[in-house]
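The values are calculated or read from the model by the stated rules, or taken from the named source; none is laboratory data. If you're wondering where the values come from, they're calculated on a predicted model, not measured in any experiment. Glycine gets a Cβ as well: all are built from the backbone with ideal geometry, and neighbour counts include every protein chain shown. The protein model used for the area step is the full one, side chains on, heavy atoms only, and it has no ligands, DNA or RNA in it. Shrake-Rupley method; radii C 1.70, N 1.55, O 1.52, S 1.80 Å.
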Amino acid sequence: MGAVTFSAGSHATVSLPGEKVVTELSSEQEHGVWDQAAAWVWTKQREFHRTLTRELRELRSQEGIGWMLVLMSFLYGVLHAAGPGHGKAVLTTYLLTHRSHMNRGIAMGTAAALLQGVTALVLVYGLIGMAGWLPRETETASLWTSRVSFILLALVGLYILVRAVGALSGTVRRLRHQSGHAHHHTHDHDHDHDHDHDHDHDHDHDHDHDHEHAHDHGDSCGCRHGPTAAEIETVGSRHATAGVVLAIGLRPCSGAVLVLILATVMDLMWHGAFAVLAMSVGTAITVIALAVLATMARDWASAMVAHRSPFWVLAGGGVGVFGGALLLLFGLLLLSSSFTTRLALAG
Amino acid sequence: MAMCFAPGVQSHPHHWIDVFAEWQFDTKGLIDGVKLRWLFDDYYSILLVDDTAATEEKLQAILKRVMSNTAKHHYFLRIENEGGEARFGNPEQAKIGMRDHRVEIQFRLPIKTRLDPGQGDIVYRVAEPTYYFEMLHAEEGAAIVLKDAPNGCRYSLEPPQPDAALVAYAASLGVNESGGDELGIQFAETVTIRCE
């Protein structure tokens, strides 16, 4: 208990509205940077929840466009997206492990952020406003869309994981093959193995050319997977892109649900819709910044890989395996914990 | 409840209660009871009673539940007096109602052994133990009133100062997780009442 300061009021029973004595923070302890950052984001978020509630409450009793609400919602969107979360985890992992243009990352981030706002609007306005649900039932509905998003999160994780494991084992095989090439005696053995493998896909290969083509052959088999695999890759990648956007977008933002439910009950539907739109724009800005960073990091890393350093190739695969596994685990964890969620009453 | 990109929102606290406390002094200048008023946040209120659908019957059922639940947690109030903790009698005049579309619960807690703020500081904290709810004295209106107090009685309020690690920990707790019954108190304001 630090310093105790007494109120300046001359009479005991006279306490000024909001009278609070703020004592100076005397013992500023050292904390982990992470804790500091998390605490800051969380504290801000909590303040935003209160501010948004207050702005809506004030709009209820007085006419106005509510620019303050829109501005606060926008800032909330920017900040909210800056916190740690599954949305950013999945987008970052995807962009780090997939060669893609800057535009694609930006488009994905924008689509996901806007979809999130739309999900909230459809859930709250659609269910309460049109289908006559009770506000608390909307929470149940948003829980269900969240579950779908968790499943998608796990699936995208699985896809990235499988893909990275495939690429890694291919790389390992190629590396082994290369080192085998140095020792001429083991070469034949390796080649036979690869040859069998490739035979299914590629009938053009001549059996006569064994020795001269040996190296290229192995390389194509282990690393590039041939044109058929590339086609599969594109389709899988397209699905994964949609998966990423949906995994993020189907999870309505709690701030958006809060604002919309309050707005419904308070008869401020338009204000609520604009606020959520502003929130989505704010979220999009942060997510786009993240997508740009991830794409740049990926480009930088693939420039390193271009030097064919085995370490970088393996490290790249490692990121995919680790990130994919993490997303898979994250998705399953969130899914299982979502089944124990309920509404609590005081005490 | 769901969130944007951060699991942070699922974290504690989920809701908040604005607290009003009226400390009642007897003719000898001793505190013999406190009238507490809890004003729940708009969102929680809507979730709890579906606003317009709030019937008297429904509200009374909620009141009954809340009172019996909170009885196990000394009504979210802890008073320190000369090293000991003050004990309460059964709550009186418990009421529930809607104020500006928010659920409001109020009741008076009689204090068994009267407190003498002239003899030593009376220090109290209000907290919901698990920090599912954040309980702070209201910023609007007279949140703390020293009713019929003798001249020279003052109070002071010290804001909570949880360290970052604790805040981060609370933020990491999901809706259904609990950080134990000692979490809330660490996020509580400390109010001191003293008479000179």
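Key figures for this structure:
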| quantity | calculated |
| --- | --- |
| Residue check for residue A:247: assigned to a helix (DSSP H, G or I), at pLDDT 85 or above and open to solvent by less than 20 Å² (accessible area, probe 1.4 Å) | yes |
| Region B:135-149 - residue that is facing chain A (nearest Cβ under 7 Å) and surrounded by fewer than 21 Cβ atoms within 10 Å (Cβ to Cβ) and, of those, farthest from residue B:184 (Cα to Cα) | B:147 |
| Members of region B:92-106 that are open to solvent by less than 40 Å² (accessible area, probe 1.4 Å) and within 13 Å of chain A (Cβ to nearest Cβ) | B:96, B:102, B:103, B:104, B:105 |
| Criterion violated by residue B:164 - all others in (1) more than 7 Å from chain A (Cβ to nearest Cβ); (2) free of Cβ contacts under 8 Å to residues at least 40 places away in the same chain; (3) small (Gly, Ala, Ser) satisfied | (1) |
| Scope region B:51-79; condition modelled with pLDDT under 85, open to solvent by 60 Å² or more (accessible area, probe 1.4 Å) and within 11 Å of another protein chain (Cβ to nearest Cβ); matching residues | B:52, B:72 |
| Residue count for region A:106-140, restricted to those that are in contact with a helix residue (DSSP H, G or I) (Cβ under 8 Å, 6 or more places away or on another chain), within 11 Å of chain B (Cβ to nearest Cβ), at pLDDT below 80 and assigned to a helix (DSSP H, G or I) | 5 |
| Residue satisfying condition, being open to solvent by less than 30 Å² (accessible area, probe 1.4 Å), modelled with pLDDT under 85 and in a loop (DSSP other than H, G, I, E, B), within set A:27, A:10, A:15 | A:15 |
| Pick from region A:253-287, criterion surrounded by fewer than 20 Cβ atoms within 10 Å (Cβ to Cβ) and in a helix (DSSP H, G or I), ranking: nearest to the chain's Cα centre (by Cα) | A:285 |
| Residue among A:91, A:56 that alone is of a type in the set (A, V, I, L, M, F, W, C) and either surrounded by fewer than 18 Cβ atoms within 10 Å (Cβ to Cβ) or under 21 Å from residue A:278 (Cα atoms) (or both) | A:56 |
| Count of residues meeting criterion [more than 18 Å from residue A:237 (Cβ to Cβ) and touching a residue at least 60 places away in the same chain (Cβ under 8 Å)] in region A:120-153 | 20 |
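Rundown of residues vs (1) within 30 Å of residue A:51 (Cβ to Cβ); (2) in contact (Cβ under 8 Å) with a residue 60 or more places away in the chain; (3) at the interface with chain A (Cβ under 7 Å from one of its Cβ atoms), yes/no style:
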position: B:111; (1), (2), (3): no, yes, no
position: B:118; (1), (2), (3): no, yes, no
position: B:129; (1), (2), (3): yes, no, no
position: B:151; (1), (2), (3): no, no, yes
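Residue-by-condition table, conditions (1) open to solvent by less than 40 Å² (accessible area, probe 1.4 Å); (2) within 15 Å of the chain's Cα centre (by Cα):
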site	(1), (2)
B:117	yes, no
B:121	no, no
B:128	yes, yes
B:191	yes, yes
